1. With the condition kept exactly as written, say whether any residue in the range 75-85 is in contact with a Phe, Trp or Tyr (Cβ under 9 Å, 6 or more places away or on another chain) and either open to solvent by 70 Å² or more (accessible area, probe 1.4 Å) or within 30 Å of ALA179 (Cβ to Cβ) (or both).
2. How many residues are open to solvent by 70 Å² or more (accessible area, probe 1.4 Å), more than 24 Å from HIS219 (Cβ to Cβ) and without any contact (Cβ under 8 Å) to a residue 12 or more places away in the chain when one looks only at the range 86-113?
3. Output the residue which, of all residues in the range 48-73 that are part of a strand (DSSP E or B) and of a type outside the set (Val, Ile, Thr), is nearest to TRP89 (Cα to Cα).
4. Name the one entry in ALA142, ALA138, ALA131, ALA116 that is without any contact (Cβ under 8 Å) to a residue 60 or more places away in the chain, assigned to a helix (DSSP H, G or I) and open to solvent by 20 Å² or more (accessible area, probe 1.4 Å).
5. I'd like to know if the range 49-64 contains one or more residues that are over 23 Å from PHE247 (Cβ atoms), touching a Ser or Thr at 6+ places or on another chain (Cβ under 6 Å), open to solvent by less than 20 Å² (accessible area, probe 1.4 Å) and without any contact (Cβ under 8 Å) to a residue 60 or more places away in the chain.
6. Consider ARG23 against the criteria (1) exposed (fewer than 14 other Cβ atoms within 10 Å of the Cβ); (2) on the phi > 0 side of the Ramachandran plot; (3) modelled with pLDDT of 90 or more: it satisfies all of them except one. Which criterion is unmet?
7. State which residue is surrounded by the most Cβ atoms within 10 Å (Cβ to Cβ) when the search covers only the range 221-254 and only residues that are in a strand (DSSP E or B) and under 15 Å from the mean Cα position of the chain (by Cα).
8. Please pick out the residue among ARG189, ARG214, ARG154, ARG183 that is at pLDDT 95 or above and in contact with a Lys or Arg (Cβ under 9 Å, 6 or more places away or on another chain).
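The values are calculated or read from the model by the stated rules, or taken from the named source; none is laboratory data. Note that this is a predicted model, so its numbers are computed, not measured. When we count neighbours, we look across all protein chains shown, and the Cβ atoms used for this are built from the backbone with ideal geometry, even at glycine. Each accessible area value is taken on the protein alone, full model and side chains, heavy atoms only, with ligands, DNA and RNA left out. Shrake-Rupley method; radii C 1.70, N 1.55, O 1.52, S 1.80 Å.
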Amino acid sequence: MNTKPFTSGPGENAIVITRVADRQWHALDDDLVVGRGHAEHRPDGRLFVSIDAWHDAAFDRLAEAMPAELPAPLYTVVDEADAELTAAWRRAGFTIRRREWEYAVPTDPRVTGLEAVLPPSGVTIVPAGQADESLLRAVDRAIRDEVEATIGWRSMPAEVIPRPEGDTIVDPSKYAVAAAPDRYLGLIRVVTVNRPRIGLVAVRAGEQRRGIARALLAHALGTLHRSGSAAAWTEVHESNRAASALFQGIGARPMSSNLELVR
């Protein structure tokens, strides 16, 4: 699907930007592909863009052409250590919206100090795959509503797992929960693709500061350790001091940071 070429620069070697498919662009220099741009919707509905270019001129031309054909706002994510790429996006009018730290989380209870951690009285941990789906969806919705009413759900780590429209529980088998006799009080989601990732650990507002989150982590990390995984990973928004303290308190180490930028 070709659109009208977006041309920039003098002379015969002007860079030409062409849309080659839906939400895909190429930068051509004398018919040689010197850059590629791509846009995709994340599960939360936001539109993210990415560019892979050989040099600054190709990047800048793509970053100029793509927004002209896409609805705002546009988002992108970069490794904060990549100062050159961050600067390129900022040249294109993107500003820093949020910073997330990526932590490596040990699973060995002798390292985490979670070996003797038990849930508080009256609370039991239901392992992943054994939760009642209706109660699971109820606690997930309650926690999301509580977060949205305070700091806003978008301050939580970005969720990139695919899900049906409006459904926030993709695979119930990935969740362990903290259960009271009549309802669930908290949950933890662990997904393993290339390595185990703790995508979410959360507790109802009225049940926090009782040790439920630590008990959920003790269960999930202990399960991973017994299955042979030495570490998991997770992301924490820099403003979430409680989550940072929770993970640092069990020996998690910050490995890198990602910037989410928006235009």
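1. Taking the range 75-85 as the starting set, the residues that turn out to be in contact with a Phe, Trp or Tyr (Cβ under 9 Å, 6 or more places away or on another chain) are 75-78, 85.
From the residues that got through so far, the ones that are either open to solvent by 70 Å² or more (accessible area, probe 1.4 Å) or within 30 Å of ALA179 (Cβ to Cβ) (or both) too are none.
Among the residues of the range 75-85, not one is in contact with a Phe, Trp or Tyr (Cβ under 9 Å, 6 or more places away or on another chain) and either open to solvent by 70 Å² or more (accessible area, probe 1.4 Å) or within 30 Å of ALA179 (Cβ to Cβ) (or both), which makes the answer no.
2. 0
3. Within the range 48-73, the first condition is being part of a strand (DSSP E or B), and the residues that meet it are 48-53.
Cutting the leftovers down to of a type outside the set (Val, Ile, Thr) gives us 48, 50, 52-53.
Working: PHE48: 13, SER50: 10, ASP52: 12, ALA53: 12 Å.
Across the range 48-73, the extreme among qualifying residues is SER50.
4. Working: ALA142 fails: without any contact (Cβ under 8 Å) to a residue 60 or more places away in the chain; ALA131 fails: assigned to a helix (DSSP H, G or I); ALA116 fails: assigned to a helix (DSSP H, G or I).
Exactly one residue qualifies, and that residue is ALA138.
5. Taking the range 49-64 as the starting set, the residues that turn out to be over 23 Å from PHE247 (Cβ atoms) are 49-64.
Filter again for touching a Ser or Thr at 6+ places or on another chain (Cβ under 6 Å), leaving 49, 61.
Retained after the next criterion (residues that are open to solvent by less than 20 Å² (accessible area, probe 1.4 Å)): 49.
In the following step, the residues that additionally are without any contact (Cβ under 8 Å) to a residue 60 or more places away in the chain were identified as 49.
Yes, some residue in the range 49-64 is over 23 Å from PHE247 (Cβ atoms), touching a Ser or Thr at 6+ places or on another chain (Cβ under 6 Å), open to solvent by less than 20 Å² (accessible area, probe 1.4 Å) and without any contact (Cβ under 8 Å) to a residue 60 or more places away in the chain.
6. (1)
7. First, pick out the residues of the range 221-254 that are in a strand (DSSP E or B): 231-237, 253-254.
Next cut, under 15 Å from the mean Cα position of the chain (by Cα) only: 232-237.
Details: ALA232: 22, TRP233: 15, THR234: 22, GLU235: 19, VAL236: 25, HIS237: 19.
Step by step, filter the range 221-254, then rank; the result is VAL236.
8. Numbers: ARG189 fails: at pLDDT 95 or above; ARG214 fails: in contact with a Lys or Arg (Cβ under 9 Å, 6 or more places away or on another chain); ARG154 fails: at pLDDT 95 or above.
Going through ARG189, ARG214, ARG154, ARG183 in turn, just one is at pLDDT 95 or above and in contact with a Lys or Arg (Cβ under 9 Å, 6 or more places away or on another chain): ARG183.
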